[in-house]
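Structure first, then comments.
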Amino acid sequence: MGQESLNVYRGCTPVVDAEYEFESEGSPTEVIVEALAEAAEIDPLDLPPLYEFVDPDALDQLFGEHVGAAHADALLSFQVETWNVFVRADGRIRVCDATRPTDPEPVFESTPA
């Protein structure tokens, strides 16, 4: 059986791309909050609590550092107010503006080398 890639499409305009590093002290949740604040052009403390939209502990456990995490073909998406958030197991994060629709395109263009 061949290796198949995960094809997920978005219909919103990307506004922020971020990436978390498995070796860093920051968690995926912290990077997501920073990316949302950048997208909204506000201080991270002015955002609504992330736990109102997704379980931050589960998110960090799923996408944080563990054996095989960077090579997993997993993607999580959720919405925070008008922002669609996409998180990949390889560390990539994309925040899209749901109020600016586009033709469907892959959430992430390709897998990094």
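For the range 79-109, name all the residues that are of a type in the set (D, E, K, R) and either touching a strand residue (DSSP E or B) at 6+ places or on another chain (Cβ under 7 Å) or closer than 23 Å to residue 26 by Cβ (or both). Listed by number, the residues that qualify are 81, 88, 90, 92, 94, 97, 100, 105. The residues listed here are 108, 63, 86; of these, the one that is closer than 13 Å to residue 16 by Cβ and crowded, with 19+ Cβ neighbours inside 10 Å is 86. Note on the range 61-113: enclosed strands (runs of 3 or more DSSP E) holding 1 or more residues that are within 12 Å of the chain's Cα centre (by Cα), at pLDDT below 90 and aliphatic (A, V, I, L, M) are 75-80. Looking across the range 4-60, the residues that are surrounded by fewer than 11 Cβ atoms within 10 Å (Cβ to Cβ), touching an Asp or Glu at 6+ places or on another chain (Cβ under 8 Å), assigned to a loop (DSSP other than H, G, I, E, B) and modelled with pLDDT under 95 come down to 5, 23.
The values are calculated or read from the model by the stated rules, or taken from the named source; none is laboratory data. Just so we're clear, the structure is a prediction, and the values are computed from it rather than from any experiment. Heads up, the Cβs are rebuilt from the backbone with ideal geometry, glycines too, and the neighbour counts pull from every protein chain shown.
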